[in-house]
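Working notes, structure below.
The values are calculated or read from the model by the stated rules, or taken from the named source; none is laboratory data. Note that the structure is a prediction, hence the values are computed from the model and not measured. For neighbour counting, all protein chains shown are included, and Cβ atoms are generated from backbone atoms with ideal geometry for every residue, glycine included. What goes into the accessible areas is simple: the full protein's heavy atoms, side chains included, and nothing from ligands, DNA or RNA. Shrake-Rupley method; radii C 1.70, N 1.55, O 1.52, S 1.80 Å.
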Amino acid sequence: VCSSDLFRIVVNLVTTRLTLYRAGQKVFVTAAGVGTKSDPTPTGQYFVAFLEEPPTSAPGYGAFIMVTSAHSDTISDWEGSGDAVIGIHGPLGSGQVIGTTGARISHGCIRLQEAALLRLRKVPPGTPIDILG
């Protein structure tokens, strides 16, 4: 059993909530900013690929970006990166919009309040992510 088997992240696009599980037990639930109708967050089974430092030129991503194996179905080239990977990151200035209920505000990524994002720091690469519609 590897350490990633201990954790699981579930993102519910209907309720705009992210839930972290450890060893099958719910650790916490938080409001999430998810994709809009025109740029939806893709549903399916994915995993945490790696954590990366946020860009210094664009504040608001939070302490880190959790890069996932999910890719946008509607964007093929995010800001010249050559890809449109779905990340879990900070609110990008929309913390009030995310609030306590969540919102459809992103281009497919999952935005969290900074305190919630920090609770994901110990989640290792390989951790399963289920995005439910």
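Annotation: amide H-H contacts under 5 Å for GLY126 (H modelled 1.01 Å from N, sequence separation of 5 or more, or interchain): VAL48, ALA49. What the chain shows is 51 Å² of accessible area per residue, with the surface traced by a 1.4 Å probe over protein heavy atoms. All other residues whose Cβ lies under 14 angstrom from that of GLY62 are scored, Lys and Arg at +1 and Asp and Glu at -1, for a net of 0.
For VAL27, the residues whose modelled amide H falls within less than 5 Å of its own, excluding neighbours fewer than 5 places apart on the same chain, are LEU20, TYR21, ARG22. For the chain, the fraction of 1.4 Å probe accessible surface lying on carbon and sulfur atoms is 53 percent.
The phi torsions of the stretch 62-74, fed into the Karplus equation with coefficients 6.51, -1.76 and 1.60 and a -60° offset, translate into couplings of x, 5, 7, 10, 8, 7, 10, 7, 7, 10, 4, 8, 10 Hz, rounded to whole numbers, with Gly and Pro shown as x. Summing charges over all other residues whose Cβ lies under 14 Å from the Cβ of ALA32, with Lys and Arg as +1 and Asp and Glu as -1, gives +2. If you take Rg and Dmax of the Cα atoms in Å from the coordinates, which of (1) 15.2, 51; (2) 13.5, 40; (3) 14.5, 46 do you get? Computed from the coordinates, Rg and Dmax of the Cα atoms in Å corresponds to (2). For GLY108, the residues whose modelled amide H falls within less than 5 Å of its own, excluding neighbours fewer than 5 places apart on the same chain, are GLY35, THR36. With θ taken as phi - 60° and the Karplus curve 6.51 cos²θ - 1.76 cosθ + 1.60 applied, the whole-hertz 3J(HN,Hα) list for the stretch 93-100 is x, 9, x, 5, 5, 4, x, 9 Hz, x standing for glycine and proline. Using the Cβ-Cβ distance between THR74 and THR101 with R0 set to 25 Å, the FRET efficiency works out to roughly 0.55. Other residues lying with their Cβ under 11 Å from the Cβ of VAL10 contribute a combined charge of +2, Lys and Arg counting +1, Asp and Glu -1.
You can think of it this way: the chain between ASP83 and LYS122 has 11.4 nm of extra reach, that is 0.36 nm per residue less the Cα-Cα gap.
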